[in-house]
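No lab work stands behind these numbers, since they all come straight from the coordinates. If you're wondering where the values come from, they're calculated on a predicted model, not measured in any experiment. Every residue, glycine among them, receives a Cβ derived from its backbone with ideal geometry; neighbour counts consider all protein chains shown.
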Amino acid sequence: MLGLNSKDTKFLLIVIFLTLATPILLQPFPEGSGMAQFNAGYPDLMQRFAIYGIFAIGFNILFGLTGYLSFGHAAFLGIGSYSVVWMYKLLDYNVIWGLPLAIITSGIFALAIGFISLRRSGIYFSILTLAFAQMSFALAYSVLTPLTNGETGLQVYRSDKQVLLGATEPTSPHFFGIVMRENFWEPSVGNWQFTFNNGYYFCAIIAILAFYLSLRIFRSPFGMMLRAIKSNQQRMNYTGLNSRPYTLAAFVISGMYAGLAGGLLASMDPLAGAERMQWTASGEVVLMTILGGAGTLLGPVLGAGFIKYFENIFSKINDNVLHTWFGFLPDGIEDFMVTIVHPFVGKGWHLTLGLLFMAVVIFLPGGLVELGQRVGRLFRRRDINSADAEAKAAKQRANTPAE
Amino acid sequence: MGILEVKGVNKRFGGLQALGNVNLSVTENTVHAIIGPNGAGKSTLLNCLVGKLIPDTGSVMFDGQSVLGRKPHEINQMGISRVFQTPEIFGDLTVMENVMIPCFAKRDGSFRLHAFESVPNEKELVEKAEQILIDVNMIDQRNQHAASMSRGDKRRLEMAMCLVQEPRLLLLDEPTAGMARADTNNTIDLLKEIKAKRDITMAIIEHDMHVVFSLAERITVLAQGTPLVEDTPENIKGHPKVQEAYLGQAHG
């Protein structure tokens, strides 16, 4: 189906199901219970999962397949956001104008930056991309203020023309009248509260398309060439293949993914700031990809989800919450436990994430996906063992003469 | 006129004259060996042929066209394939993928953005790749990761990757370097078989005289960057200059 073999089709269907069921799956704890703060099924966070998932999927096409580690992909994220907000300012709040423009402009920027950066490989390539991204950040922050509105960030003002804006049109981002920040269904089952948000489903559908596209690229001759570049560039050249256009194409494709992700960020919240281009944002997508598993299809999405979950959920656990957790302990021990746990949660969520990242890199070089595979293999082996034992037992029974 | 014509090639590395006025002519459909002691300039010559190095002066013509100034992938597209001293293969890919890549390169040229086709759907190329794997006796390993194979198998795979492109000239840089005697003999048999099956010109750079005399139809002896003699294997064996060059090295 859709140009995929049966195994990939099944895989895609599972991913589609998980994506569409996210508002339910991420809301496992009833409202009002002590665990409710671990629920992640609220629109803002789910949108981030989908958007950063797209960002990481695109980054993985470059880093996972060719091994070229770009430290400047946040620049494309920012360019995408600015494109979309400019379309709000000039035309109207319909995201249909901005998103294609975000993909095109980031593609053009990626072509230019990639053309220069890809003259080098390894650490020099990384440094070149980092330099370009920091340059874009600095320009957006200062010199290009007329285009980017500098420190304040680009946003829509009342004085903006918005030539296509109709009288009845919503005054926040929408897709032909479907307003992103509105929820279309808020059912509650018992104590469980679910939110089905327009914006999330808009991002989710685009994320599924982005995932499908990356799946096709992974299975295509082009994807095989990219893996060949990572494996042995010398042999690649002596086989009559020019590796430069291949890496450049991968760079542009991943830049377009980043631009799309940036555009979607501005589609959920009509604001674009220069800090979106800063190197920390570029580093974040590298972490996501490695944490989840570089070069695997699902890994980057898992990594993106993991990091965004930590950023939004772990950071909310403050000392008050800790005191309620450890409240059952005697006072002295309670304070002691809170002191110990304190640096790892709340503002210290980076510490937990850092330790987790170190553990993954050291023990699971293939990322979270490798963890999944190992666990899967463990279960399968157990199945085989038990099947073996049964077969042996059956054989023995057959060999025992009837009495 | 040979398929490969090297005329008056000089190459200096700083103060060292690596190649001095090298002339070489390789006739189509022959096996031409280039031998010589260490430091004779064999590898430098080979690197000049494939575009890795550019000679200071002289010309290198392949089939009437100059290869000088062309990049390695362009030279390969002209019909020259190269086997390296240590096998260069795509270690992270499977054996089948390793052979599919040269098939694509042969059909689609040095770049094509075929991002939405699927590899198994290219029936014609798959058949071609499978056939070459049968030829080199590796079809059972088709789904194995190339990096996990033995050195001898890697060598055979690399040759399969070169041969599937149907090159007009195959350059072999010490194809049996570091191999056990049994593996060396297998490689000789494989090369003989290849030669018997198809029209192909081979230029072999080799240290091992056993390999050279079992395969070559013409031999060029290089010493200190210049060709000493070029002749048939029978004549080379008894040639006083060759004996001098090799014995001299053995005594020194």
Jot down the per residue volume, in cubic angstrom and as a whole number, of the convex hull over the alpha-carbon atoms of the stretch B:89-166.
-> 88 Å³
Enumerate the aspartates and glutamates that B:Lys7 could reach by cross-link, defined here as Cα to Cα under 19 Å, with residues fewer than 8 away along the same chain left out.
-> B:Glu28, B:Asp56, B:Asp63, B:Glu230, B:Asp231
Return the aspartates and glutamates within reach of B:Lys106: Cα separation strictly under 14 angstrom, same-chain partners fewer than 8 residues apart disregarded; answer none if there are no such residues.
-> B:Glu74, B:Glu122, B:Glu124, B:Glu166
Using only the Cα atoms of the protein assembly as shown, each taken as one equal point scatterer with no solvent, compute I(q) by the Debye sum, divide by I(0), and report log10 of the ratio at q = 0.10, 0.11, 0.12 Å⁻¹.
-> -1.00, -1.11, -1.22
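If Lys and Arg each add +1 and Asp and Glu each add -1, what is the summed charge of the other residues whose beta carbon sits under 13 Å from the beta carbon of A:Leu287? Don't skip to the end; give the middle numbers.
Details: positive: A:Lys308; negative: A:Glu284, A:Glu311.
Charge balance in the 13 Å sphere: -1.
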Once the other residues with Cβ under 15 Å from the Cβ of B:Pro175 are scored (Lys, Arg +1; Asp, Glu -1), what is the net sum?
-> -1
Given the options A:Phe175, A:Phe314, A:Phe328, state which has the largest fluctuation in a GNM of chain A using a 10 Å cut-off (strictly under) for Cα springs.
-> A:Phe328
On Cα atoms only, tilt of B:240-251 relative to the major axis of chain B in degrees = 80 degrees
Is there a simple number for the mean count of other chain Cβ atoms within 10 Å of the Cβ of residues in B:102-108, and what is it?
-> 4
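Calculate the mean, over all residues of peptide A:348-361, of how many other protein chain Cβ atoms lie within 10 angstrom of the residue's Cβ. Each step should come with its number before you reach the end.
Details: counts 0, 0, 0, 0, 0, 0, 0, 0, 0, 0, 0, 0, 0, 0.
Taking the mean over all residues of the peptide, I get 0.
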The stretch A:261-281-the stretch A:114-146 distance, computed between alpha-carbon centres (Å) = 17 Å
Karplus (6.51, -1.76, 1.60) ³J(HN,Hα), θ = phi - 60°, over the stretch B:57-70, in Hz, Gly and Pro reported as x = 9, x, 9, 10, 10, 10, 6, x, 10, 6, 9, 5, x, 8
What are the lysines whose alpha-carbon lies under 19 Å from the alpha-carbon of B:Lys197, with same-chain residues fewer than 8 places away excluded?
-> B:Lys128
Among A:Leu25, A:Leu111, A:Leu130, whose mean-square fluctuation peaks in a Gaussian network model of chain A (Cα, cutoff 10 Å)?
-> A:Leu25
Starting with the highest mean, order B:187-197, B:95-105, A:266-276 by the number of other Cβ atoms within 10 Å, averaged over the residues of each peptide.
-> B:95-105, A:266-276, B:187-197
Interchain or long-range residues, amide H under 5 Å from B:Asp56's placed H = B:Asn10, B:Lys11, B:Arg12
For chain A, the count of lysine pairs 8 or more apart or interchain whose alpha-carbon atoms are under 29 Å apart comes to 8
Please give, to one decimal in nm, the separation of the simple spin-label points placed at B:Thr86 and A:Arg158, each 7 Å out from Cα toward the Cβ.
-> 7.2 nm
Would you calculate, for the protein assembly as shown, the mean residue ellipticity at 222 nm contributed by helices, counting each DSSP H stretch of 4 or more residues as -39,500 (n - 2.57) and dividing by all residues, to the nearest 500?
-> -18000 deg cm²/dmol
Counting pairs of alpha carbon atoms under 8 Å apart in space and at least six apart in sequence, what relative contact order in percent does chain B give?
-> 28 percent
B:Ala33's amide H: which non-local residues (gap 5+, or another chain) put their own amide H closer than 5 Å, with H modeled 1.01 Å from N in plane and none for Pro or chain starts?
-> B:Ile204, B:Glu217, B:Arg218, B:Ile219, B:Thr220
Would you kindly derive the ³J(HN,Hα) couplings of the stretch B:14-26 from the backbone phi angles with the Karplus curve 6.51 cos²θ - 1.76 cosθ + 1.60 (θ = phi - 60°), listing them in order in whole Hz, with x for Gly and Pro?
-> x, x, 8, 7, 6, 10, x, 6, 8, 10, 8, 9, 9
Quick one: check the C-alpha center-to-center distance for the stretch B:18-77 versus the stretch A:326-372, whole angstrom.
-> 61 Å
Taking 7 Å along the Cα-to-C-beta vector as the label spot, tell me the A:Ser33-B:Gln17 distance in nanometres, rounded to one decimal.
-> 8.8 nm
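What does the structure give for B:82-94 when I average, per residue, the other chain Cβ atoms found within 10 Å of the residue Cβ?
4
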Just A:Arg216, A:Arg382, A:Arg227 to compare: in a GNM of chain A, with alpha carbon springs under 10 Å, which one fluctuates most?
-> A:Arg382
Rel. contact order, % - alpha carbon contacts under 8 angstrom, at least six apart, the stretch B:69-206 = 36 percent
For chain A, what relative contact order do you get, as a whole percent, if you take Cα pairs closer than 8 Å and at least 6 residues apart?
-> 26 percent
